[in-house]
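Only one structure is covered here, and it is reproduced in the block below.
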Amino acid sequence: MASPTVSNRIQLVQGDITRQEVSAVVNAANSTLLGGGGVDGAIHRTGGPAILEECRIIRASPDYKDGLPAGQAVITTGGKLPAAHVIHTVGPIWHGGQQGEPELLANCYHNSLRLAAEHQLASVAFPGISTGVYGYPKKEATSIAVREVCQWLSENQFPQTVVFVTFDDESRRLYEQEL
Ligand code: ADP
């Protein structure tokens, strides 16, 4: 049987990332890994304390004693979420675009997808990393998200499916245009 095309492996959903029935949801975390607002707050609220417990264990390792740097990703349980796992990645804070923000945001997608592939996860749902309180312009962020995901899917079997989850109409339109 022919393998599905990249576009057949991408879905766009408008809704709440904590409700997605996928193998892993990606958390737009902050470098402390100890919780925050936006997507991060929603994931910990809905997923319960097991997620935070694993984050604390990760933070206790010498590699992450100063926190998770922007662009990197780690994986924990999904706790009580429908998703079995949470991939936590730290987006760059937007400072105007001259401080490596595009590369760091691309790394978030790439490293999250790499973790998903290492764990042979079938499906992964991404929010618009950095496009909330971190202030990344949505159009530019969407373009990077779509580019990195398409590139990954064209070269890798896992994850089989990627879901872009948008909250608002403007974001959904931007993904529709980009896809
Ligand atoms: P960051 O700190 O990386 O900017 P935020 O969590 O503030 O992350 O926001 C990232 C994006 O996710 C924003 O576009 C925001 O509108 C959206 N968002 C916030 N809550 C949810 C949610 N529960 N499900 C899906 N998307 C969400």
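The values are calculated or read from the model by the stated rules, or taken from the named source; none is laboratory data. Values in this document were obtained by computation on a predicted structure and should not be read as measured data. Backbone-built Cβ (ideal geometry, glycine too); neighbour counts: all protein chains shown. Surface areas here come from the heavy atoms of the whole protein model, side chains and all, with no ligands, DNA or RNA. Shrake-Rupley method; radii C 1.70, N 1.55, O 1.52, S 1.80 Å.
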Wholly inside the range 74-179, helices (runs of 4 or more DSSP H) that include 3 or more residues that are surrounded by 23 or more Cβ atoms within 10 Å (Cβ to Cβ) are 101-118, 138-155
Considering only the range 1-30, state which residues are assigned to a loop (DSSP other than H, G, I, E, B) and hydroxyl-bearing (Ser, Thr, Tyr). 3, 5, 23
For the range 111-124, how many residues are touching a helix residue (DSSP H, G or I) at 6+ places or on another chain (Cβ under 6 Å) and within 16 Å of the ligand (Cβ to nearest atom)? 1
Tally, over the range 31-52, of residues that are surrounded by fewer than 16 Cβ atoms within 10 Å (Cβ to Cβ), part of a helix (DSSP H, G or I) and within 12 Å of the ligand (Cβ to nearest atom): 2
Conditions (1) within 13 Å of the ligand (Cβ to nearest atom); (2) open to solvent by 30 Å² or more (accessible area, probe 1.4 Å); (3) more than 12 Å from residue 165 (Cα to Cα) -> residue 19 fails only (3)
What are the residues in the range 53-69 that are open to solvent by less than 40 Å² (accessible area, probe 1.4 Å), assigned to a loop (DSSP other than H, G, I, E, B) and closer than 18 Å to residue 112 by Cα, if any? 67, 68
From (1) within 9 Å of the ligand (Cβ to nearest atom); (2) surrounded by fewer than 16 Cβ atoms within 10 Å (Cβ to Cβ); (3) among the aliphatic types (A, V, I, L, M), pick out the condition that doesn't hold for residue 28. (2)
Taking the options 112, 130, name whichever one is touching a residue at least 60 places away in the same chain (Cβ under 8 Å), hydroxyl-bearing (Ser, Thr, Tyr) and on the phi > 0 side of the Ramachandran plot. 130
